[in-house]
């Protein structure tokens, strides 16, 4: 497998140093550059482009959202993941609409970062567990207000979405509802099928597209 080239944009040196340290000894990842601002990033992209670009939202002068739009316009082949301390519905929604391929909270683990990298390079979208919970919560709170989708999803299925939004595992959901883990997963699969979606990441995008997330 080819080495995966990574770049990080964050205005805090201590965070950039910590992030880079996560990949020490990882032969399949190459941390090729870092930047503290959009201007610095754009200069470096002229000479070497990463496979995956991690961007913070809160940056001086030009925000991570604006960077996302610009990078996706100029370099659509670069996969871009927002890595931020902000997991509000507004920021998540805005980032995805701007073209971000994924969104991770800064308290994420190296395992989740690696999963995100693999997923976006395979053409998918990735949302960290705590980020997904925020989006599912907004979806669950608003799905009943849409006449079309209340006829599609049953009360139990909406309940499943709510429990997922609270960060419960399939096992925990099963224990709360007195059903098996397999039944929980079956409900999840039915939800995706009814909405003509393939993954939970698709459900997040569906929620954003149909304005189930408050902005």
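With the condition kept exactly as written, say whether any residue in segment 36-46 is touching a helix residue (DSSP H, G or I) at 6+ places or on another chain (Cβ under 6 Å) and crowded, with 19+ Cβ neighbours inside 10 Å. Yes: segment 36-46 contains one or more residues that are touching a helix residue (DSSP H, G or I) at 6+ places or on another chain (Cβ under 6 Å) and crowded, with 19+ Cβ neighbours inside 10 Å. Inspect segment 160-181 for any residue being at pLDDT below 70 and in a helix (DSSP H, G or I) and give the result as yes or no. Scanning segment 160-181, I find at least one residue that is at pLDDT below 70 and in a helix (DSSP H, G or I), so the answer is yes.
Pairing each residue of segment 1-21 that is closer than 19 Å to residue 63 by Cβ with any residue that is assigned to a helix (DSSP H, G or I), provided the two are 6+ apart or on different chains, yields C-beta distances under 6 Å for 8/16; 8/19; 9/41; 10/16. Being farther than 17 Å from residue 9 by Cα and in a loop (DSSP other than H, G, I, E, B) is a condition met by no residue of segment 58-66.
The values are calculated or read from the model by the stated rules, or taken from the named source; none is laboratory data. This is a predicted model, so every value here is computed, not measured. Positions of Cβ are generated from backbone atoms using ideal geometry, with glycine treated the same way; all protein chains shown enter the neighbour counts.
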